[in-house]
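Worksheet: one structure, shown below.
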Amino acid sequence: MTDRTQLLQTLDALLQPERFRDYGPNGLQVEGAANVRKIVSGVTASRALIEAAIAAQADTIFVHHGLFWRGQDGRVTGWMKQRLALLLAHDINLFAYHLPLDAHPELGNNAQLGLKLGLQAQSRFGEQDLGFLGERTESASFDTAEVLAQHIEAQLNRPVVLVNVARRAIKTIAWCSGGAQGYFEAAIAAGADAFITGEISEPQAHYARECGVAYLACGHHASERFGAPAVAAHVAAQLGLAHEFIDIDNPA
Ligand SMILES: [Zn+2]
């Protein structure tokens, strides 16, 4: 058991949110019980995750996508009311870390996605150094972008959208989890043969074709399932807490 303040300090020390310009508040977003015994980690603070955490008798939820984002109008109505009502009624702490969770060099979404896909990061690229750039751990390259796509489909257990234009082996691979479409041009500039992220928007297909760099979109949720449980398990072990990762399936 620990207390909420100790948990917040431990997470802040690990993830260093003060280093990032983010789209929402990092840290404790909703205050619940003072004493913490069990953390449920997940990707998004959806109603389904909150209900699952209640069923799992957790007092604390740790997520990548919290409740509050820049651009919201601040009204507590509809889905927001329902989620907040559940958290408050059950005295559950909600901790959310967005970009700091993507960026952590060992436990973050990008580091853990690289581990899952067998990629070794050698450098970082893009705004706030969130993008990872490296190569395949086992051998020097993937023979083609299709081979890389099949590898990702097998590892993440879901289809991948491939814009395949690279007429060469895929050696240098850039990746950035989630909705990192905007990092594609920086990945091209960094010398990548292929770029892996969660989502694709219309312009990136053209950039891929025109610049000869393969684009692989493997799902926002699917690419961001690994950081939250890695960090929560690490901190739970450090502080003597129970931890359970609950994956709420999401096709997006
Ligand atoms: Zn995300």
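Taken together, the values in this text are just the output of simple stated rules run on the coordinates, not laboratory data. Note that the coordinates shown come from a computational prediction; the quantities given were computed from them, not determined experimentally. Heads up, the Cβs are rebuilt from the backbone with ideal geometry, glycines too, and the neighbour counts pull from every protein chain shown.
From the Cα gyration tensor of the range 1-65, with a ≥ b ≥ c the square roots of its eigenvalues, which class applies: rounded if a/c is under 1.5, or else prolate if a/b is larger than b/c, or else oblate?
Verdict is oblate for the range 1-65.
Within the range 65-99, list the trypsin sites (Lys or Arg not before Pro) lying in a DSSP loop whose Cβ has at most 12 other Cβ atoms in a 10 Å radius.
Here the trypsin sites (Lys or Arg not before Pro) that fit, given the DSSP loop and packing criteria, are Arg70, Arg75.
Please list, in order along the range 121-134, the HN-Hα scalar couplings obtained from phi with the Karplus expression 6.51 cos²θ - 1.76 cosθ + 1.60 (θ = phi - 60°), rounded to whole Hz, x for Gly and Pro.
Result, rounded to whole Hz: 6, 10, 7, 10, 8, x, 4, 6, 6, 7, x, 10, 10, x.
Taking the Cα atoms of the range 139-252, report the difference between the largest and smallest coordinate on each principal axis, in whole Å and largest first.
Result, largest extent first: 51, 32, 25 Å.
Only helical DSSP H runs with n ≥ 4 go in: add -39500 (n - 2.57) per run for the chain, normalise by residue count and round the 222 nm mean residue ellipticity to 500 deg cm²/dmol.
-10500 deg cm²/dmol
Go through the range 1-67 and name the chymotrypsin sites (Phe, Trp or Tyr not before Pro) that are in a DSSP coil and have 14 or fewer other Cβ atoms within 10 Å of their Cβ.
Tyr23
HN-Hα J couplings of the range 33-40 from phi, Karplus 6.51/-1.76/1.60, θ = phi - 60°, integer Hz, Gly and Pro as x?
4, 6, 9, 10, 10, 9, 9, 9
Quick one: which residues, 5+ away or cross-chain, put their amide H under 5 Å from the amide H of Thr60? H built at 1.01 Å from N.
Those qualifying (amide H under 5 Å, at least 5 residues apart or on another chain) are Lys38, Val40, Asn93.
Counting Lys and Arg as +1 and Asp and Glu as -1, each charge on the Cβ, what is the dipole of the chain about the Cα centre in debye, to the nearest 20?
Here the chain has a charge dipole of around 160 debye.
With θ set to phi - 60°, apply the Karplus curve 6.51 cos²θ - 1.76 cosθ + 1.60 along the range 100-113 and write out the HN-Hα couplings as whole Hz, x wherever there is a Gly or Pro.
x, 7, 5, 8, 3, x, 10, 9, x, 4, 5, 5, 6, 5
Longest exposed-loop-site-free stretch of the chain, with GluC sites (Glu not before Pro), DSSP loop and at most 12 other Cβ within 10 Å?
139-252
Note down the relative contact order for the range 108-182 as a percent, whole number, built from C-alpha pairs under 8 angstrom at least six residues apart.
33
Less than 25 Å apart at the alpha-carbon level, and either on another chain or at least 8 residues along: which lysines does that give for Lys116?
Partners within reach: Lys171.
Could you pull the Cα extents of the chain along its three principal axes, largest to smallest, in whole Å?
Sorted largest first, the three principal extents are 57, 37, 32 Å.
Give me, ordered by chain and number, the residues 5 or more places off His104 or on other chains with an amide H under 5 Å from its own placed amide H.
HN-HN under 5 Å from His104: Asn109.
With the contact rule set at Cα under 8 Å and sequence spacing of 6 or more, what percent relative contact order holds for the chain?
22
By what distance, in whole Å, do the Cα atoms of the range 9-124 stretch along each of the three principal axes, largest value first?
Dimensions of the range 9-124 along the principal axes of its Cα atoms: 46, 32, 26 Å.
Could you tell me how far the Cα centroid of the range 102-142 sits from the Cα centroid of the range 23-69, in Å?
A separation of 27 Å, based on Cα centres.
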